[in-house]
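Have a look at the structure below before the remarks.
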Amino acid sequence: MPVRQALTDGKRILGLHSRAAVNNNHPAAMESLALRILNHMLYERRKAPRVRVNLRARWEGALHQDTATITDLSRLGCFVLSGGAVQVKELIWLEIRLPKGDPIQLWAEVVDSAREIGFAVKFNSTSPADSERLAKYVDSVLALEAKEKR
């Protein structure tokens, strides 16, 4: 496949809209785009379906604690919308309020952080009951989304 076509396809995959740099064959822009595509392919960590949610939460890390909103959730991790400061690889305690029942409590490792916006975590451990409730909740949201698409 020609390089230009591969980069154009990569932009489409990444959801990028400006094709000017690739169309004009601008070397610096093409290199930057190629690095972003490679990074996306190598480091995309999602191994489970994710659902868009709006769930209240609170968390405690080594140096900070705060309230938060969970905006993206799977059985294996989530995105925590919060202004609190965390470090990648930091272990945090997370409590998520599902729509029904008591909150679920999990230990999670920070895998990515966007300063003053929030951070992504992968779940490390929780009780079997909370793990089951989380899985059922994610599955129910996925089923609802599939039904709405029909």
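Structural remarks
- Taken over the stretch 114-131, the residue count meeting the criterion of being open to solvent by less than 50 Å² (accessible area, probe 1.4 Å) and under 18 Å from THR71 (Cα atoms) is 6.
- Residue match in the stretch 43-50 (condition: out of contact with any strand residue (DSSP E or B) (no Cβ under 6 Å at 6 or more places or on another chain), under 15 Å from TYR137 (Cα atoms) and assigned to a loop (DSSP other than H, G, I, E, B)): yes
- In the stretch 63-132, counting only strands (runs of 3 or more DSSP E) that sit wholly within it, the ones holding 2 or more residues that are under 19 Å from ARG52 (Cα atoms) and hydroxyl-bearing (Ser, Thr, Tyr) span 65-73.
- Residues that are in contact with a helix residue (DSSP H, G or I) (Cβ under 8 Å, 6 or more places away or on another chain) and open to solvent by 50 Å² or more (accessible area, probe 1.4 Å), drawn from the stretch 64-96: ARG75
- Only one of the numbered conditions (1) surrounded by fewer than 12 Cβ atoms within 10 Å (Cβ to Cβ); (2) touching an Asp or Glu at 6+ places or on another chain (Cβ under 9 Å) is violated by PRO99, and that is (2).
- Considering only residues in the stretch 90-132 that are of a type in the set (Lys, Arg) and modelled with pLDDT of 95 or more, the one that is farthest from SER74 (Cα to Cα) turns out to be ARG97.
The values are calculated or read from the model by the stated rules, or taken from the named source; none is laboratory data. This structure is a prediction, so every number in the text was calculated from the model and none was measured. Methodologically, a virtual Cβ is constructed for each residue, glycine included, from the backbone with ideal geometry; neighbour enumeration extends over all protein chains shown. What goes into the accessible areas is simple: the full protein's heavy atoms, side chains included, and nothing from ligands, DNA or RNA. Shrake-Rupley method; radii C 1.70, N 1.55, O 1.52, S 1.80 Å.
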